[in-house]
Each structure stands twice: as C-alpha cells, then as structure tokens.
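The values are calculated or read from the model by the stated rules, or taken from the named source; none is laboratory data. This structure is a prediction, so every number in the text was calculated from the model and none was measured. Here the Cβ is made from the backbone with ideal geometry for all residues, glycine too, and neighbour counts use every protein chain on show. Accessible surface areas use protein heavy atoms only, side chains included; no ligands, DNA or RNA. Shrake-Rupley method; radii C 1.70, N 1.55, O 1.52, S 1.80 Å.
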Amino acid sequence: MRTITRGALVLTMVSAGTVVAAHPSAAACAPEKPRFTLSNAKNSYRPTNVMSDFIQGPGRINYAKTKTATAGWSGSAGLSGDIEVLVVKISAKYEGTYTKSWSDSDTWTYSLDIARGKTQRIRMYHASKKVNVTKKVFNNGQCRWRTAYTNKTVDVPKRQNVNVWKRENL
C-alpha cells in the first residue's frame, strides 16, 4: 500500500494502482473568520418609546414626561447572530459609535401645533446608521469562500444622545 499527497487530497493506493480511499487532508485549509462587507450606509433615525397621545387639530400638544427612552437595532432576518460583530465593524468604519440598544433617562419636553382636520402625535426618534451587509464564510473542507448572505439591511442606533422629534399621523 502507498499513500500519495497532492495538495489537499490524500490518496491511498493498493496493489495494481487501484484507489481505495480519497479524502481531504485534515490540515487542508486553515480556518478563516467570516468576512463582512458594509455598503450603502445612510444616516437614519430609529423610533423610540417616547411619544405623546394623538390629538385632533386644531390644537397644541404640550409633552413633558420623565421617562427612559429606548431605541434598539433592527435588521433583516438572519442577522441577530452577527449583530455584535456588525456593531463593532460599523463603529470602526463610519463616523460615530454605534450600539445594539440605546437608552437615556431624562425629562422630555416638546410642543407641537396640530392643524385643523389632522390627528397627530409627536414621537422622539434616535439617530442611527442603516447599512447593507454581505457575509462570506470560509469552507475549510473545500478551501474556498462562499456567500452566507448578501445585501441584508441593519439599522443600529448611535451611542451618543442625538434625537429629533417628528410628527406622526393617525
């Protein structure tokens, strides 16, 4: 019996040159960490849990409440297992520091005039970054990269306290 190694393939030969077994070598390829490509980044705003009741106009909303405002990340299905890595990569690549979940306790005060015929409320939105993500993973057995997913969207809040109030219609 004779063993021949050719690249990542090990062939075991017996008499008359017949191949008995062919299998990838255990040391075929070194493991690689997944690779993420970030593209089409846009500044955006995530809705928070701080909002007034709806009122019918004409009128004025005077909102003042002590509350912990929160805004969490959102994204395409299948991203939750990668969110920690994505937050780090987005923070490194784009201006600002981003997080999975932002919160801040304060007294939030705002006023808004509502026009006749409108039913509206105000809500605080928190600054975030919306990014398209492609993930590639390395297949050690085949010694090549494959695409796990492409152009999935993730929207992560900024760690800093950057907010804007917006009208919402009923």
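Where strands (runs of 3 or more DSSP E) sit wholly within region 115-170, those with at least 2 residues that are open to solvent by 70 Å² or more (accessible area, probe 1.4 Å) and free of Cβ contacts under 8 Å to residues at least 40 places away in the same chain occupy 144-157.
Would you confirm whether any residue within region 96-107 is in a loop (DSSP other than H, G, I, E, B) and closer than 16 Å to Thr48 by Cα? Yes, region 96-107 has at least one match. A Cβ distance below 6 Å, combined with a sequence gap of six or more or placement on separate chains, defines the contacts here; from region 49-69, residues that are closer than 14 Å to Asn169 by Cα reach residues that are aliphatic (A, V, I, L, M) and open to solvent by 60 Å² or more (accessible area, probe 1.4 Å) in the pairs Phe54/Leu170.
Here is a yes/no grid of residues against (1) basic (Lys, Arg); (2) more than 29 Å from the chain's Cα centre (by Cα):
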{"site": "Asn43", "(1), (2)": "no, no"}
{"site": "Asn49", "(1), (2)": "no, no"}
{"site": "Gln56", "(1), (2)": "no, yes"}
{"site": "Arg60", "(1), (2)": "yes, yes"}
{"site": "Thr66", "(1), (2)": "no, yes"}
{"site": "Ala71", "(1), (2)": "no, no"}
{"site": "Ser80", "(1), (2)": "no, no"}
{"site": "Val88", "(1), (2)": "no, no"}
{"site": "Ser91", "(1), (2)": "no, no"}
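Of the residues Tyr110, Tyr94, the single one that is open to solvent by 50 Å² or more (accessible area, probe 1.4 Å) and modelled with pLDDT under 95 is Tyr110. Being touching a Ser or Thr at 6+ places or on another chain (Cβ under 7 Å), assigned to a strand (DSSP E or B) and at pLDDT below 80 is a description that does not apply to Ala69.
Yes/no matrix, rows are residues, columns are (1) surrounded by 15 or more Cβ atoms within 10 Å (Cβ to Cβ); (2) at pLDDT 95 or above:
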position: Leu38; (1), (2): yes, yes
position: Ile61; (1), (2): yes, no
position: Trp73; (1), (2): yes, yes
position: Ser76; (1), (2): no, no
position: Leu79; (1), (2): yes, no
position: Leu86; (1), (2): yes, yes
position: Ile90; (1), (2): yes, yes
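Number of residues in region 48-58 that are surrounded by fewer than 15 Cβ atoms within 10 Å (Cβ to Cβ) and assigned to a strand (DSSP E or B) equals 2. Among the residues here, Arg116 does not qualify as under 30 Å from the mean Cα position of the chain (by Cα) and not hydrophobic (A, V, I, L, M, F, W, C).
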